[in-house]
Amino acid sequence: MAIQIERIVLRQIRMPLVHFFETSFGRTYERHIVLVEVIADGLSGWGEITAGENPFYNEEWTDSAWLIARNYVAPRVLKHPFESAADVADRTSHIRGHRMATGEVAVWDLEARRNGVPLAQQIGGGSRAEIACGVSIGIQETVPDLIRKIETEVNAGYQRIKMKIKPGWDFDVIREVRKNFPNIRLMADANSAYTLRDAERLKCLDEFNLMMIEQPLAHDEIIDHVQLQAQLKTPICLDECIRSAHQAEQAIRMKACGIINIKLGRVGGFREARRVHDVAQAHGIPVWCGGMLESGIGRGHNIALSTLPNFVLPGDVSASKRYWSRDIISPAVEVSPRGTITVPTTPGFGFEIDRDFIKQITVREETIH
Ligand code: OSB
Ligand code: MG
């Protein structure tokens, strides 16, 4: 039976982070998140648009996502009979960029609920009962602050530590971290803070036995990464550069990277995320699930994505309490002392939506028919 969306409710919520998060492109204290509820046959599917508050990670931000979703995506998705959620991406493929704003993931959640299956199974995953978790730790005020944070997360059981780097917060800081934690699985994420002119300096990172260095060079520059990877022993992991399976295949064939970070929003949802996953798998390139400081809804979708077979490295999918004093789902996402999250087995993405709390933190809402 076809899926025909009757109504879409867009809500923008405000959620203060328990601790600011700093990357090479700036500091975030509070998230402004657009939630997508798609309604058909008395059932709701939920999705989270993972755009940031400013167009600094990619070109999207909360306000652009709102307008794209409302003015360009909703009219194409409403009332159209879809065979399956996998067909939704075709209806919005004429929109250039703005892949986060499609909210395609909400339709997958709806389809899973309608079929009475967990989202992980609906997307073709679900073969593992738990996923491996790492953490992403932002740039701190001081090195001792960073060391304390890493210690907390290692003690909590997380299987891999990612630290954000930028010029001036890189080589010396990583050396201190390695001195304190010689054996942890460690990686660094530059969010495009360097250029090929920094190649000599980046080569020095090889001595720290990092699992990978994530997105060192420009957000849209695959060829420079090819040149850098040829000089580095440490594998490069691409994040910002990979927006489609086609780009993933080009990057892999050109040897721009040895690992890929897959983010649902960045590639436009589950259909494209699976394709990126499949291309990487076919070439023997491992992938892991990236994060965008998601609320519980995006986090739940990331858990489902991480059950696909080639997600063989710990992702940036961690406990709700690292971000929020109160999450918008229940129960909150929890991480075991072994650094794992149990994959839900109930229909849809597997957590209850806390509608009362969402109402309290909603700053704008619009229903589109
Ligand atoms: O590059 O992976 C990134 C957060 C916002 C924007 C970009 C990135 C990140 C993270 C945080 O690293 C991952 C998370 O804990 O959600
Ligand atoms: Mg990244």
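Report whether or not LYS203 is closer than 30 Å to ASP224 by Cα, among the basic types (Lys, Arg) and within 12 Å of ligand 1 (Cβ to nearest atom).
Criteria not met by LYS203.
Is region 128-148 home to any residue that is among the hydroxyl-bearing types (Ser, Thr, Tyr), away from ligand 1 (no atom under 16 Å from the Cβ) and over 29 Å from THR62 (Cα atoms)?
Scanning region 128-148 turns up at least one residue that is among the hydroxyl-bearing types (Ser, Thr, Tyr), away from ligand 1 (no atom under 16 Å from the Cβ) and over 29 Å from THR62 (Cα atoms).
One line per residue, one yes/no per condition, for (1) under 19 Å from ASN261 (Cβ atoms); (2) away from ligand 1 (no atom under 16 Å from the Cβ); (3) of a type in the set (Val, Ile, Thr):
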{"position": "HIS283", "(1), (2), (3)": "yes, yes, no"}
{"position": "ARG299", "(1), (2), (3)": "yes, no, no"}
{"position": "TRP324", "(1), (2), (3)": "no, no, no"}
{"position": "GLU334", "(1), (2), (3)": "no, no, no"}
{"position": "ARG338", "(1), (2), (3)": "no, yes, no"}
{"position": "ARG364", "(1), (2), (3)": "no, yes, no"}
{"position": "THR367", "(1), (2), (3)": "no, yes, yes"}
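Can you work out which of the residues in region 45-86 that are polar (S, T, N, Q) and touching a residue at least 24 places away in the same chain (Cβ under 8 Å) is surrounded by the most Cβ atoms within 10 Å (Cβ to Cβ)?
Among those that are polar (S, T, N, Q) and touching a residue at least 24 places away in the same chain (Cβ under 8 Å), it is THR50.
Evaluate the following for LEU196: is it crowded, with 20+ Cβ neighbours inside 10 Å and either over 30 Å from ARG253 (Cβ atoms) or out of contact with any strand residue (DSSP E or B) (no Cβ under 8 Å at 6 or more places or on another chain) (or both)?
no
May I ask you to list the residues in region 104-154 that are outside any strand (DSSP E or B), acidic (Asp, Glu) and either at positive phi or surrounded by fewer than 21 Cβ atoms within 10 Å (Cβ to Cβ) (or both)?
The answer is GLU141, ASP145, GLU151.
When region 53-79 is examined, which residues are found to be charged (D, E, K, R) and out of contact with any strand residue (DSSP E or B) (no Cβ under 7 Å at 6 or more places or on another chain)?
Hits for region 53-79 are GLU59, GLU60, ASP63, ARG76.
Which of the residues spanning region 201-222 are in contact with a Lys or Arg (Cβ under 9 Å, 6 or more places away or on another chain), within 17 Å of LYS164 (Cβ to Cβ) and outside any loop (DSSP other than H, G, I, E, B)?
Residues satisfying the conditions are PHE208, GLU214.
Please count how many residues of region 285-302 are out of contact with any helix residue (DSSP H, G or I) (no Cβ under 9 Å at 6 or more places or on another chain) and in a strand (DSSP E or B).
Within region 285-302, residues that are out of contact with any helix residue (DSSP H, G or I) (no Cβ under 9 Å at 6 or more places or on another chain) and in a strand (DSSP E or B) number 1.
Identify the residue in region 344-369 that is in contact with a Gly (Cβ under 7 Å, 6 or more places away or on another chain) and closer than 16 Å to SER306 by Cβ and, among all such residues, is surrounded by the fewest Cβ atoms within 10 Å (Cβ to Cβ).
Filtering region 344-369 for residues that are in contact with a Gly (Cβ under 7 Å, 6 or more places away or on another chain) and closer than 16 Å to SER306 by Cβ, the one surrounded by the fewest Cβ atoms within 10 Å (Cβ to Cβ) comes out as PRO344.
Of the conditions (1) within 20 Å of GLY168 (Cβ to Cβ); (2) within 16 Å of ligand 2 (Cβ to nearest atom); (3) in a helix (DSSP H, G or I), HIS225 satisfies every one except a single condition; which number is it?
Evaluating HIS225 over (1) within 20 Å of GLY168 (Cβ to Cβ); (2) within 16 Å of ligand 2 (Cβ to nearest atom); (3) in a helix (DSSP H, G or I) leaves (1) as the failure.
Pick out the one residue from ALA40, ALA51, ALA65 that is at pLDDT 95 or above, out of contact with any His (no Cβ under 6 Å at 6 or more places or on another chain) and within 16 Å of ligand 2 (Cβ to nearest atom).
ALA51 is the lone residue from the list that is at pLDDT 95 or above, out of contact with any His (no Cβ under 6 Å at 6 or more places or on another chain) and within 16 Å of ligand 2 (Cβ to nearest atom).
If I ask for residues that are surrounded by fewer than 19 Cβ atoms within 10 Å (Cβ to Cβ), in a loop (DSSP other than H, G, I, E, B) and either within 16 Å of ligand 2 (Cβ to nearest atom) or aliphatic (A, V, I, L, M) (or both), which ones from region 233-284 would you list?
PRO235, MET254, GLY258 - these are the residues of region 233-284 that are surrounded by fewer than 19 Cβ atoms within 10 Å (Cβ to Cβ), in a loop (DSSP other than H, G, I, E, B) and either within 16 Å of ligand 2 (Cβ to nearest atom) or aliphatic (A, V, I, L, M) (or both).
Which members of region 307-350 meet the condition of being assigned to a loop (DSSP other than H, G, I, E, B), touching a residue at least 40 places away in the same chain (Cβ under 8 Å) and closer than 17 Å to ALA273 by Cβ?
Passing the criteria: THR307, LEU308, PRO309, LEU313, ASP316, VAL317, VAL343, PHE349.
The values are calculated or read from the model by the stated rules, or taken from the named source; none is laboratory data. This one's a predicted model, so the numbers in the text were calculated from it and none came from an experiment. Counting neighbours? That spans all protein chains shown, and the Cβs are built from the backbone with ideal geometry, glycine included.
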